[in-house]
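Asks: First, the structure itself, so that you have it in front of you.
The values are calculated or read from the model by the stated rules, or taken from the named source; none is laboratory data. What you see is a predicted model, and the numbers here were worked out from it, not measured in a lab. All Cβ positions, even for glycine, are placed from backbone atoms using ideal geometry, and neighbour counts span all protein chains on display.
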């Protein structure tokens, strides 16, 4: 097994959608993400079990196809496998699989309007690296203790002050 970046490079990512038409004529679309997708009755409503992987069809090329393995009863021995190129349909176990591959478009950078600044948030103020934040106000029990005491009452001290040691 190939590991690390070389393994990820040799196994391309899935993209687009896999459109499935089962033997009853029901159609469903499964979004393809990651490096593999599993087709189960629970996840897709499709009877049986299937796996989908993206593979390079020619060595050293970026041409990608889907390797689809599907069986109606879920048994690994009775699964059929086939390659599905973008826009093509492959028939496995009476079920038609069509890959609609949409390459991701690279968004264009937007130009700024002439009367608007490029950044809409204010610039951060420069602070020295050793600056400390302002102390927070007391919260919880301490806040209630300070708020409820009379103005002429002495300030509270720690409940268990350390005894002075004279040794």
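Asks: Would you mind listing the strands (runs of 3 or more DSSP E) fully within the range 9-52 where at least 1 residues are exposed (fewer than 14 other Cβ atoms within 10 Å of the Cβ) and modelled with pLDDT of 90 or more?
Replies: 27-31, 36-39
Asks: Tell me, yes or no, whether the range 94-111 has at least one residue that is assigned to a strand (DSSP E or B), surrounded by 11 or more Cβ atoms within 10 Å (Cβ to Cβ) and without any contact (Cβ under 8 Å) to a residue 24 or more places away in the chain.
Replies: no
Asks: Something else: Taking residue 90 as the residue in question, decide whether it is without any contact (Cβ under 8 Å) to a residue 40 or more places away in the chain and surrounded by 16 or more Cβ atoms within 10 Å (Cβ to Cβ).
Replies: Criteria met by residue 90.
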